[in-house]
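**Q** Attaching a single structure in structure tokens format; questions to follow.
The values are calculated or read from the model by the stated rules, or taken from the named source; none is laboratory data. Since we're looking at a predicted model, the values are computed, not measured. Virtual Cβ from ideal backbone geometry, glycine too; neighbours counted across all protein chains shown. To get the accessible areas, we keep the full protein, side chains included, count just its heavy atoms, and leave off ligands, DNA and RNA. Shrake-Rupley method; radii C 1.70, N 1.55, O 1.52, S 1.80 Å.
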Amino acid sequence: MGLEAEMTASTVELPALWMEPIEAYLDHLQMQLGASRHTQLAYRNDLTQAADFFRSAGLESWQQLDLRAVSRYQATLGRPLAATTAQRRLSSLRSFLKFLKQRGQGPAMDLPSTGGFRKPKVLPKALPMETLEKLLAVPDLATPKGLRDRAMLELIYGAGLRVSESCDLAMEEIDLEGRALRVTGKRGKTRYVPLPGQTIEWLRRYLESGRPALLRRPLRNVFVSDRGLAMRRTTVGQRLQAMAAKADLPEHVSPHTLRHTYAVHLLKGGADLRAVQELLGHASLASTQVYTQLDLDEVRRKYQAAHPRR
């Protein structure tokens, strides 16, 4: 069930003592941290569900929370709830209580731990170069739509962009002569990403021959949909799945697969981990370090295949 559907299904009426602190926190997320609407929906949903549980347990406000009440709430987050959902709900509660404490409005208790629901990181799958080339060859370059699809694939892979970043990319953020992009990522953080020569060439072809034919009205966005509007994330994912099927690829391919492939290819080519962190727009090096395990696994496989005493 999608987040918005989940929210609709779980919306409850709460007294002001419970709801006003939540609203203040959501305003903080939007105004101070630049949280997206999707993130705000997630926090609203998680916190109203938690508040409803605590109120049903006899508490009258957030200030009355204690570790016993939180432990009882945590016990409700087991199966059949997915571990990722449970982790998200407890993390939402912890972040919210931290916010209340900083304002002197929190309960007199330690912040709850979120470690119990952590899942091991799933190693990203990178496309082999021959598979990537097969995918890139699918778009029909004789059409504006085909030029757009090829340019978008080249850009997501060539610059390691998130799909939302590629959809939001504005014309003024491209510097073809300087061979770089200005990208606004999560929480409004800006980074500059260099572009490889082939990516520049495909962008140039699309901007000259594809985009003008797709436009219906003035638009800042680089990538234009079939209807002349800004491309949506879901549309990009659907287009990519269709192209992967046409290329008869065995792997599940998403826009994030191309971003993973970018990172892995850079590291295998000798790029520094911190440089890759900056290029991907990761806030923490820990988010990038997952890629180092890929190289270790490859070394281990080669070792086991080659060593005489394996």
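**Q** Just to verify a result, which residue in the stretch 104-121, among those that are in a loop (DSSP other than H, G, I, E, B), touching a helix residue (DSSP H, G or I) at 6+ places or on another chain (Cβ under 9 Å) and modelled with pLDDT under 55, is least open to solvent (accessible area, probe 1.4 Å)?
**A** The qualifying residue least open to solvent (accessible area, probe 1.4 Å) is Lys119.
**Q** Same structure again: So which of Leu219, Leu279 ends up being open to solvent by less than 50 Å² (accessible area, probe 1.4 Å), over 23 Å from the mean Cα position of the chain (by Cα) and within 23 Å of Gly185 (Cα to Cα)?
**A** Leu219
**Q** Are there any pairs, at least 6 apart or on different chains, whose C-beta atoms fall under 7 Å, with the first in the stretch 17-31 and closer than 11 Å to Trp62 by Cβ and in a helix (DSSP H, G or I) and the second at pLDDT below 90 and among the charged types (D, E, K, R), and if so, which?
**A** Leu17/Glu60
**Q** Which condition breaks for His256 when tested against (1) within 20 Å of the chain's Cα centre (by Cα); (2) free of Cβ contacts under 8 Å to residues at least 60 places away in the same chain?
**A** All conditions pass for His256, except number (2).
**Q** Please count how many residues of the stretch 62-103 are hydrophobic (A, V, I, L, M, F, W, C), without any contact (Cβ under 8 Å) to a residue 24 or more places away in the chain and open to solvent by 40 Å² or more (accessible area, probe 1.4 Å).
**A** Qualifying residue count for the region: 3.
**Q** Condition first: among the hydrophobic types (A, V, I, L, M, F, W, C), part of a helix (DSSP H, G or I) and surrounded by 16 or more Cβ atoms within 10 Å (Cβ to Cβ). Now tell me which residues in the stretch 223-245 satisfy that.
**A** Correct list: Val236, Leu240, Met243, Ala244.
**Q** Scan the stretch 128-156 residue by residue and report those that are hydroxyl-bearing (Ser, Thr, Tyr) and at pLDDT 95 or above. Spell out the reasoning first.
**A** Applying the first criterion (hydroxyl-bearing (Ser, Thr, Tyr)) to the stretch 128-156 yields 131, 143.
Within the stretch 128-156, Thr143 is the sole residue that qualifies.
**Q** For the stretch 14-48, which residues satisfy the criterion of being more than 17 Å from the chain's Cα centre (by Cα), of a type outside the set (A, V, I, L, M, F, W, C) and open to solvent by 40 Å² or more (accessible area, probe 1.4 Å)?
**A** Across the stretch 14-48, the qualifying residues are Pro15, Glu20, Glu23, Asp27, His28, Gln30, Gln32, Arg44.
**Q** Moving on to the next point. Check off (1) under 22 Å from Tyr73 (Cα atoms); (2) surrounded by fewer than 16 Cβ atoms within 10 Å (Cβ to Cβ); (3) modelled with pLDDT of 90 or more; (4) not aliphatic (A, V, I, L, M) for Thr8 and give me the number that stays unchecked.
**A** The number of the failed condition is (3).
**Q** I would also like to ask the following. Determine whether the stretch 205-222 contains at least one residue that is part of a helix (DSSP H, G or I) and of a type in the set (S, T, N, Q). Step through it out loud before you land on a result.
**A** In the first step, residues of the stretch 205-222 are kept if they are part of a helix (DSSP H, G or I); the result is 205-214.
Within this subset, residues satisfying the condition of being of a type in the set (S, T, N, Q) are 209.
Yes: the stretch 205-222 contains one or more residues that are part of a helix (DSSP H, G or I) and of a type in the set (S, T, N, Q).
**Q** Something else about it: What number of residues within the stretch 75-97 are in a helix (DSSP H, G or I) and more than 24 Å from the chain's Cα centre (by Cα)?
**A** Of the residues in that region, 2 qualify.
**Q** Among what's in the stretch 154-208 and is of a type in the set (Gly, Ala, Ser) and touching an Asp or Glu at 6+ places or on another chain (Cβ under 9 Å), pick the residue that is surrounded by the most Cβ atoms within 10 Å (Cβ to Cβ). Spell out how you get there, then give the answer.
**A** At the first step, the residues of the stretch 154-208 found to be of a type in the set (Gly, Ala, Ser) are 158-160, 164, 166, 170, 178, 180, 185, 188, 197.
After this cut, where a residue has to be touching an Asp or Glu at 6+ places or on another chain (Cβ under 9 Å) as well, the list is 159, 185.
Values: Ala159: 24, Gly185: 18.
In this case the residue turns out to be Ala159.
**Q** In the stretch 264-274, what residues are open to solvent by 30 Å² or more (accessible area, probe 1.4 Å), at pLDDT 80 or above and either assigned to a helix (DSSP H, G or I) or touching a helix residue (DSSP H, G or I) at 6+ places or on another chain (Cβ under 6 Å) (or both)?
**A** Answer for the stretch 264-274, where residues must be open to solvent by 30 Å² or more (accessible area, probe 1.4 Å), at pLDDT 80 or above and either assigned to a helix (DSSP H, G or I) or touching a helix residue (DSSP H, G or I) at 6+ places or on another chain (Cβ under 6 Å) (or both): His265, Leu266, Lys268.
**Q** Would you please list the contacts, defined by Cβ atoms under 6 Å and residues six or more apart or on different chains, that run from a residue in the stretch 176-195 that is more than 11 Å from Glu165 (Cα to Cα) and in contact (Cβ under 8 Å) with a residue 40 or more places away in the chain to a residue that is among the acidic types (Asp, Glu) and open to solvent by less than 50 Å² (accessible area, probe 1.4 Å)?
**A** none
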